[in-house]
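S.K.: My structure is below; once you've seen it, I'll send some questions.
What follows draws every value from the coordinates through simple rules; no lab data is involved. Every value quoted in this text rests on a predicted model; they were computed, and no experiment measured them. Heads up, the Cβs are rebuilt from the backbone with ideal geometry, glycines too, and the neighbour counts pull from every protein chain shown.
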Amino acid sequence: MSAQITETHYKQRVFAVDIGTRSVIGLVGYYENGKLVVEHGEVEYHKDRVMIDGQIHDIDGVTESIRVIRAKLEGASGQTFTEVAIAAAGRSLITGRARLAQQIDETKPIEKHVIDSLEMDGLQKVYTELLETSPEMQDYFCIGHTVVHYYLNEKTMLSLLGHKGRSIEVDLIATFLPRTVVDSLYAAVSRIGLDVSYMTLEPIAAIEAAVPANIRLLNIALVDIGAGTSDIAITKDGTIVAYAMTATAGDEITEALAQAYLMDFDSAEELKCRLREQPVQQYKDIIGIEYEKPTEEILDQLSEVIDLVAKNIADNVLDKNGKSPSAVFLTGGGSQIPRLNQLIAGYLELPAERVTTRDMSNIPNLSVSNFKLEGPEVVTPIGILAKALSHLGRDFVEVFVNGAGVKLINTKTLKVIDALMLVGFNPQQLIAKAGRSFEVYLNGRKKTVFGEAGEAGEIYVNGEPASISTPIKAQDRIVIVPAKHGEKRAMTLGKLVHVHAGFKVNGAWMSTIVNLRLNGQATEGDLLLADQDVIEFEQLETVADLRKALVLDASVVVYANGMVVEDSYRVADHDLISVEAGIDAEEAAAAQVEAAREEAAAAAVVAAEAVETADAAGEVEAAEFVAAEPAEPAATAADNVDAAIAIVCNSSPLVLPRGLVFVNLFDYVDFDRSKRQGSLLMTHNGDPISYTRPILDGDVIELRWV
């Protein structure tokens, strides 16, 4: 083991490979003092065309290339690797973007669950729209989403939480990856005993290395041109805002060379790689004839296919960005094809110097040893290594949803919603729906009988209650309980109309509800109601209603609970009502007043005797409450504070015994009832009087002729 290996052996190293169409590049590195150190690197070219357009076709062939790389790096580093960081080709990534609006209650602050629901609906909209155009989306799962903008009342907002408004919107990008891509990559490394420690996307890895964070605020298009695909990622405002891919890349040019000059694919590939190195090319066709041609002549022969690659890249950039970006960074081995950058610049109407190739020299804080390659083809593998090192312990996440294991690419903070999208569970299934409602008519008024409320779905993470926005980590166990929808409510007649309420009249029970009809037919009891039923009834609310129902004339006196009541009296449930004919109403009221007067006088005498007894025992030292008229018995009784109340009657203070009702007041005020002297004004705390209403301390009463 070398001195350098001994010195750095304690550092946590990562083994990363970039599995390309033509080759596999493997790196071993670590971070030290904020610098990325690439300690060892190797390149292994595939023996056959085991990959086409970035997709693995021969798993065993790819596995063999990785096995060779692993053996070389283990020998160079003196370390055995059991884990590897990899990247999925961007060509397999499908993205969708949606903007979704929702009306809200503008009187309430926006809560987090409202925002989560809005994003959830946005993701579902993206997936649905993609599924409509691409049925194969059924085999894709969402690996993440990015909110580009929120809107409140159609104005851009950084956050909606806590704000109020009439409408909210979200603009988001969702990314989907086919399961076959992940499965084939896993199969290629697992056959030689390697576990995936971290997985990312190739365009994300390329941006990590080629576009430092301090320039991602600019609108930059990064194009990773490999052999099989050209992967595109666009940055703006500090984040990746779009992805794209073209299936035209370096292999198109290799195949054009092979056809134009009658060469096998491998020989044509070698000739293509030399076009940037020397002005004259020597090559041999499959017949064995040797040729020598100027490089410019060969490029002229290839101009059409180079132009095609450039145009496809430019068209995709314009389509995803909506305009020409500020600059275009090219990486990957295919970016070295002569004339390509000028053609891309021309289609994007950019100065040629703004379409530039990025290589190892453009990567800040990088130290490389024991690795020969330094061109643009190493940018993506260095990005994979950098992303894996920065995500140590946060690898490709496996979680369990209702017992089934699922895998998510850990490109961001993962939440329950990401796992739901992965397994194809529609989050709308968590929202309970009320049972079917129906309508009935009560005396001509429409009333809606709402269905029974359902039970909202439940989410548990590791046995604890959770929500769709709950963060998740590797090996978490998620249990999803779908919502239970409500049933149609069973509504009876008795629940809408109080058919059992009533009172007694002269000892006989009388229902408050009379003439009850259902759909025109007389009925009673708790019948089960149906949609559009028509219910009609009359309700006895006051004594006047009772007089009308019993056909009582004005001469009949009505008592409620032993007291004479007026026609405005509201009959209460279980009141005891009695009616007496042939008795003058005024005489009946006067008799009640006289009876109340006698009862009050007796109470006053009892109270006075209690005061005298207390004085004799020495328990009452002084009278703290003195009435305006102490000579009267009632005032004497009021000397006992606990037995007296103070009111205001006709704007003057008045002391009364406790426990009186309004009709008793006639015994304590100077009020001539012998003859009418105008209109009688009687109010109790500003309200119309009730003879049986109790008089309480502090009441204000008016009782006079006006």
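S.K.: When the dipole is taken about the Cα centre of segment 280-322, and only Lys, Arg (+1) and Asp, Glu (-1) are charged at their Cβ, what size is it in debye, to the nearest 20?
M.R.: 200 debye
S.K.: Still on this structure: Please work out the ratio of the alpha-carbon Rg of segment 109-217 to 2.2 N^0.38 Å and round it to two decimals.
M.R.: Normalised by 2.2 N^0.38 Å, the Cα Rg of segment 109-217 equals 1.41.
S.K.: Shifting gears a bit: With no solvent and one point on each alpha carbon, what is the Debye value of log10 I(q)/I(0) for the chain at q = 0.06 Å⁻¹?
M.R.: Normalising to I(0) and taking log10 leaves -0.61.
S.K.: Measure nothing but the geometry: give the 0 to 90° angle between the long axis through the Cα atoms of 179-190 and the longest principal axis through the Cα atoms of the chain, rounded to 10°.
M.R.: The helix 179-190 is inclined about 50 degrees to the chain.
S.K.: Grab the Cα-Cα distance for HIS500 and THR82, subtract it from 0.36 nm times how many residues apart they are, and report the gain in nm with one decimal.
M.R.: 142.5 nm
S.K.: Here's another thing I want to ask about it. Once you charge only the Cβ atoms, +1 for Lys and Arg and -1 for Asp and Glu, what is the size of the charge dipole of segment 462-525 about its Cα centre, to the nearest 20 debye?
M.R.: Roughly 100 debye for segment 462-525.
S.K.: How much of the DSSP beta bridge set in the chain is antiparallel, as a percent to the nearest 5? Walk me through the numbers on the way to the answer.
M.R.: Working: 111 of 138 bridges.
Within the chain, antiparallel bridges account for around 80 percent of the total.
S.K.: At 0.36 nm per residue, minus the direct Cα-Cα distance, what do VAL147 and VAL68 gain on full extension? Give it in nm, one decimal, please. Could you put the intermediate results ahead of the total?
M.R.: On the way: separation 79, 0.36 × 79 = 28.44 nm, distance 4.19 nm.
Value of the extension gain: 24.2 nm.
S.K.: Let me know the charge dipole size of segment 79-201 about its Cα centre in debye, to the nearest 20, where only the beta-carbon of Lys, Arg (+1) and Asp, Glu (-1) is charged.
M.R.: The calculated dipole for segment 79-201 is roughly 220 debye.
S.K.: Separate question: Once you place label points 7 Å from the Cα toward the Cβ at ALA490 and SER159, how far apart are they in nm?
M.R.: 5.0 nm
S.K.: Under 28 Å Cα-Cα from LYS433, which lysines qualify once same-chain neighbours fewer than 8 residues away are excluded?
M.R.: Hits, sequence-local ones excluded: LYS108, LYS112, LYS125, LYS164, LYS415, LYS446, LYS447, LYS484, LYS488, LYS495.
S.K.: Additional query: Any idea which of VAL399, GLY333, SER361 is furthest toward the positive side of the dipole for segment 325-473, if Lys and Arg beta-carbons carry +1 and Asp and Glu beta-carbons -1?
M.R.: VAL399
S.K.: GluC sites (Glu not before Pro) within segment 241-300: which are DSSP loop residues with at most 16 other Cβ atoms inside 10 Å?
M.R.: GLU277
S.K.: Could you work out the helix-only [θ] at 222 nm for the chain, with each DSSP H run of four or more residues adding -39,500 (n - 2.57) and the total divided by the number of residues, to the nearest 500 deg cm²/dmol? The partial results should precede the final answer.
M.R.: Numbers: 16 runs with 193 residues, N = 706.
Counting only the DSSP helices, I get -8500 deg cm²/dmol.
S.K.: With axes computed from alpha carbons, what is the tilt in degrees of helix 379-390 against the longest principal axis of the chain, rounded to the nearest 10 within 0 to 90?
M.R.: The angle comes out at about 40 degrees.
S.K.: List the lysines whose alpha-carbon lies under 19 Å from that of LYS272, not counting same-chain residues fewer than 8 positions away?
M.R.: Partners within reach: LYS47, LYS284, LYS293.
S.K.: Counting Lys +1, Arg +1, Asp -1, Glu -1, what net charge surrounds LEU222 among other residues with beta carbon under 14 Å of its beta carbon?
M.R.: Details: positive: ARG216, LYS236, LYS320, ARG354, ARG358; negative: GLU202, GLU208, ASP224, ASP231, ASP359.
Net charge in that neighbourhood comes out at 0.
S.K.: If one takes the longest principal axis of the Cα atoms in the chain, at what angle in degrees, from 0 to 90 and to the nearest 10, does the Cα axis of helix 585-616 lie?
M.R.: Compared with the principal axis, the helix lies near 90 degrees.
S.K.: At a Förster distance of 51 Å, what's the computed FRET efficiency of ARG166 paired with GLU277, Cβ-Cβ distance as r, to 0.05?
M.R.: Plugging the Cβ-Cβ distance into 1/(1 + (r/R0)^6) gives 0.20.
S.K.: Taking H placed 1.01 Å from N in the peptide plane, check which residues at least 5 places from ASP533 or on another chain put their amide H under 5 Å from its amide H.
M.R.: TYR441
S.K.: For VAL449, what residues show an amide H to amide H distance below 5 Å, using hydrogens built from the backbone and excluding near sequence neighbours?
M.R.: HN-HN under 5 Å from VAL449: PHE438, GLU439, VAL440.
S.K.: Multiply the residue separation of ALA213 and LYS433 by 0.36 nm, subtract the distance between their alpha-carbon atoms, and state the gained length in nm to one decimal. Intermediate results must be reported in sequence, preceding the final value.
M.R.: Values: separation 220, 0.36 × 220 = 79.20 nm, distance 4.60 nm.
Using 0.36 nm per residue and subtracting the Cα-Cα distance, I get 74.6 nm.
S.K.: In a shell of Cβ-Cβ distance under 15 Å around ILE431, excluding ILE431 itself, what net charge do Lys and Arg (+1) and Asp and Glu (-1) give?
M.R.: Charge balance in the 15 Å sphere: -3.
S.K.: Which net charge results when you count Lys and Arg as +1 and Asp and Glu as -1 among the other residues whose beta-carbon is under 15 Å from that of ASP171?
M.R.: Values: positive: ARG97, ARG99, LYS125, LYS155, LYS236, LYS320; negative: GLU119, ASP121, GLU129, GLU154, GLU169, ASP237.
Once all neighbours under 15 Å are counted, the net charge is 0.
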